[in-house]
Structure formats: C-alpha cells, structure tokens
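Take a look at the structure below.
The values are calculated or read from the model by the stated rules, or taken from the named source; none is laboratory data. Keep in mind it's a predicted model, so treat the numbers as computed, not measured. Cβ coordinates were reconstructed from backbone atoms using ideal geometry, including for glycine residues, and neighbour counts include every protein chain displayed. Side chains included, ligands, DNA and RNA excluded: accessible areas come from the protein's heavy atoms. Shrake-Rupley method; radii C 1.70, N 1.55, O 1.52, S 1.80 Å.
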Amino acid sequence: MEWWKDAIIYQIYPRSFQDSNGDGIGDIPGIISRLDHLQELGVGAIWLSPVYPSPNDDNGYDISDYKNINPEYGTLEDMDRLILEAKRRGIRILMDLVINHTSTKHAWFEKSRRRIEPYTDYYYWAPGNPDGTLPNNWTGFFGEDCWQWDDVRGEYYLHLFARTQADLNYHCPQVLDEVKDVLRFWLDRGVAGFRCDVINLLWKDSLADGEKRLALTGLEHYLSLPETHGILRQLRKVLDGYRAFTVGETVFVTPEMARDLCAEDRGELNMVFSFEHMECDQRFIKWLKRDFRPKAFFECLIKWQKELPWNTIYLENHDQPRSIPRFGSNSWWRESGKLLATLVLTLRGTPFIYQGQEIGMVDFDFDGVDQLDDVESRNVNRLLSAYHVPEGLRWRIISRTSRDNARTPMQWDDGPNAGFTTADKAWLGVNRNFHFINLADQENDPDSIWNWYKDLAKLRGEREVLRRGDFLWLECTHRVFVYRRRLGAESVTVALNFSGRPARVGSRGRLLRSNYHRDGFDGRLQPWEAVILEDV
Ligand code: NOJ
C-alpha cells in the first residue's frame, strides 16, 4: 500500500517546535502535546529532523549516537510514546537518517582516529602533501575547505560539511553494516521510514583533485555515482522487510537522476527532494535584491511534474528561508500565503509542509549576526569578513539566505515567547511578529491561513483527483499559472495569480474554492488570488 501517495507529510524541527520542560529548547514531550494540532491539519506522517544525541554544531545533523535520543529532547521512552501517540491519531513517524557523515564526537570517530580496528577506515583519512598543502583541492558545502587535521591520528579527515561532521567511508564494508543495523533499530521501534540526508553524496570514487569551480570543487568525485545507487539498493532490502518509506534529500539532482533514484523496479528510494524550483531565485543578484521570476518557477514545476510520475511537493524546510517573502509577498501576506498553500496541496505528488508554514510564518527579524545560530551563516560571515565585505552588505546577504529564517520557534499564541517555552529565553530568538502571526489567533479566524490549509487538506482527502489525478498545464505567463488535474471523468482546474495586480485567465468552471470571498468565477483573478474550479 503506497500510503505516502495519499498523505500530507509535516516536517518538525524539534528544537523549535514546542518546549515542555522550560529549558528554552523544544523536545519530544512537547511534540506529543501538539499532536492534536497536526491531526486537525490532516497530517498523515511527521518527518522529524534529527533527535539523536549530538553536540549540535549543525543542530542534530552531526550525530554522535545513532541509537539514542538527545537528552535535551527526551529519552527513548519518550520517542516510543511519540510513535504510539502519533499512531493513535493515524500519524506515522519518519526519522532523519544522516549517514553521509557523523559527528567527530561519535564513538566510531574516536576509535578511528586512534586506529582501533575495525574502525580505522570508517572515515576518509589522508596524510596531506609533502609541500604542506591539503590532501586535495575540494571545497565544502559550508564555505570552507573539506579537510581538517587531527592531531591524535596525525592525518587529515574529509568533511564535506562542518569541521565536526566527518564523512563516512563506504569503501569500508562495515560502515554499511552499521547503517543497516541503525535502520533495524528504529524500524523495530515502529518508525515508518526515513528522510535520507544528502543521500546522493555517499560514495566518493577517489580523493583526486577536482576540476576547479566557483563552489564545490571536487563534486564530480561524489555526486550521484553508480556505487551510491548500489548502497541504496542494499539499504532498501532492509527497508522492504518493514515496508518502510524513504525520501532522499538529493542535491543537484536532475529529473533523469531522480528517475533513476525512484524508479520502482530499481528498488532505491520512494521519492526525492529536488532543488531546482527552489533555485529560481538563487542567482547572486537576489542576495542584494529580491529577484523572484514566477515564470521560470512555473516552468520548472511543469518540467518536474511532467518528467517524474511522482515526487515531493514542497516550498519550505529547515534549510530555506520562508516561502511567503520569497515566492509570495509580505504586503499580501494572507492572500499569498493561501495561494502558496493552494499550490502545494494541488500539484501532483506528496505535499510536505514545514512547521509554521501552516500559519504563514515569515523570515526572522533579527538585528545582527550575533543573534544567529546557523553554522553555515556563521561560516559565510567569517569568509565575507576575511574578504573585507562591508558589514552592511554582509548582513544583507546573510539575512536573506540564513537557514535561521525558518528555525525561529513555532508561534503558538501571543503569550510570552509565543507559547513555545516558559523559559525567559528560547534557544533562538522568537520572531517579534508573533503578536499577529500565531496559531491561537488564526484558529478563531475563519479567513486565516491556518483554516485555509485545513480546508484544502480536507478537500484533497475528499477528492481523489487532487491526489492521484494527472497534471496538465494550461497557462504559464510571467505571473499566472493555471493547471488541470484529471482522473477519469473528473477534472479540476487551479488558477493562481502570482502578482499584486489583477489578472485574467481563460479557464471557467464551477467555483470550488477562492482565497477571496466570491460567488462565481468569470476569469478575473484578484491580486494573489487562487481559485480551484470544477470543470463542467
Ligand atoms: C542537509 C540538512 O538538511 C542540513 O540541515 C544539514 O546541514 C546538511 N544536510 C548536513 O547534514
């Protein structure tokens, strides 16, 4: 049964969701206390960002023990209770599987650096060159070199991400056995599957120098190599025993690569997160001036809808700025928030909603770099300072791109710290706008973004055409996107106006939904209007 084709999946960033013990940090009992909220939204599964023990240099994506729970978040018993309580509400739990690297605090690394067998080759170690240069010229994802010297071992180790995230070496067969064991550990406890972190980078074919590039020199030595597919097929054999689900985070993935990763007969992943649509505004200039071009975005969505039989649909996660300021408009906050919800819940594929998206949370309103936590932003700041980029410009670049934009605590109500914690201070600043963007207010407002998400999730559940129907685009201009979903005799059209000016479209039909109050539809869309029409 492919439950994931009918479900809406909700991502929780545990540190920022709900604190239950007043330490300013979200935790698992906090998540349990909010399960009713997710049930009300109509969520079928939760993807939990990492909850394993971790020194938190990259907030849990640097794991120091795969078979336990970070004490800041609770205990294994709390996790078992979460799985059970979620199940009672018809919600499955997906864990984050981070197996490209571990924390340098992981016991495997501690033993590897001391050359204790069988751990000696669990990581990529290299001696460096006689002329004192690093083992190769690769550059990493967080704006630094990829090599770090280790005094204990007397060698460098490879890290594609932060210095404390050492890459695991899959040339060493025991590493894969360890990972299979980790999968079984959690599947036996009842999790329904995994979101697999940077999963298309696992295999490094050699440590030779890479072709020089502006960013990520060395990429050709590890991006989506055939051996990585082989590893995924081996993992899938374990997963299949539990009928578990996997979604891969796959960087720089093309539709062809995605097809190879997800084709049913290849037995690798169920679906992937691609990034192309998220990069429509990622040219350097956008860091200085927001430059979102809806037409390029629509074309990209169309391409992916056409080229893959099924995939993820998402606009937000813990690594991306919020979607309203990015693809919508803060000035048309409510309208554009609902329009983006309509897009996510009516395209063909599995919708992923990131915490806070359902109430239209927007980017942080911090005042300076010292308020940021994100390791990537701090590295970028260091790098730009080294190049003498003036502070104002640096802040502009960082505040536009920082991952902390999406990591501020969930805004539950307009009480202290937005109802996230009873501590004086949350681990990361609460956005000051919580007085007017919070769940409690929106629950009482029939026109709220929250009620729109709930309503559309329900509509999607009721109308099979919205879940399983095929996709056909009808209009794609510099601001209007119109498409049709069709299943047998049933057909529904969605028309979206991605602009602050009225627009006209050719489609007509019986009005099912509009984010404006109207009785019928004559082809005229209001600013940021979204309509769903039943084709008659
Ligand atoms: C992708 C994760 O989503 C991100 O948060 C993390 O920093 C990197 N992978 C490294 O694990």
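A few comments on the model shown:
Residues are listed down the side, and each one gets a yes or a no for (1) surrounded by fewer than 16 Cβ atoms within 10 Å (Cβ to Cβ); (2) not in a strand (DSSP E or B):
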position: Glu72; (1), (2): no, yes
position: Asp80; (1), (2): yes, yes
position: Ile83; (1), (2): no, yes
position: Ile93; (1), (2): no, no
position: Lys105; (1), (2): no, yes
position: Phe109; (1), (2): no, yes
position: Tyr119; (1), (2): no, yes
position: Gly132; (1), (2): yes, yes
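- Per-region count, segment 9-41, residues under 25 Å from Pro55 (Cβ atoms), part of a loop (DSSP other than H, G, I, E, B) and not hydroxyl-bearing (Ser, Thr, Tyr): 10
- Positions within segment 400-417 being in contact with a Leu (Cβ under 9 Å, 6 or more places away or on another chain) and without any contact (Cβ under 8 Å) to a residue 40 or more places away in the chain, in sequence order: Asp413
- Inspection of segment 353-373 finds a residue satisfying the criterion of being at pLDDT below 95 and among the aromatic types (Phe, Trp, Tyr).
- Subset of segment 135-157 that is within 14 Å of the ligand (Cβ to nearest atom) and either outside any loop (DSSP other than H, G, I, E, B) or farther than 20 Å from Ile99 by Cα (or both) - its residue that is nearest to the chain's Cα centre (by Cα): Gly143
- Applying the set (1) crowded, with 17+ Cβ neighbours inside 10 Å; (2) not in a loop (DSSP other than H, G, I, E, B) to Phe521 leaves exactly one unmet item: (2).
Yes/no matrix, rows are residues, columns are (1) within 16 Å of the ligand (Cβ to nearest atom); (2) open to solvent by 10 Å² or more (accessible area, probe 1.4 Å):
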residue	(1), (2)
Gly22	no, yes
Pro29	no, yes
Asp62	yes, no
Lys87	no, yes
Tyr122	no, no
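- The set of residues from segment 394-417 being more than 25 Å from Ser49 (Cα to Cα) and either modelled with pLDDT under 90 or assigned by TED's automatic domain parsing to the domain that holds Tyr61 (or both) comprises Arg396, Ile397, Asp414, Gly415, Pro416.
- Scanning segment 341-373 for residues that are over 15 Å from Asp319 (Cα atoms) and either in a strand (DSSP E or B) or open to solvent by 10 Å² or more (accessible area, probe 1.4 Å) (or both) yields a total of 10.
- Unmet requirement for Trp452, which otherwise passes all of (1) of a type in the set (Phe, Trp, Tyr); (2) in a helix (DSSP H, G or I); (3) loosely packed, with under 15 Cβ neighbours inside 10 Å: (3)
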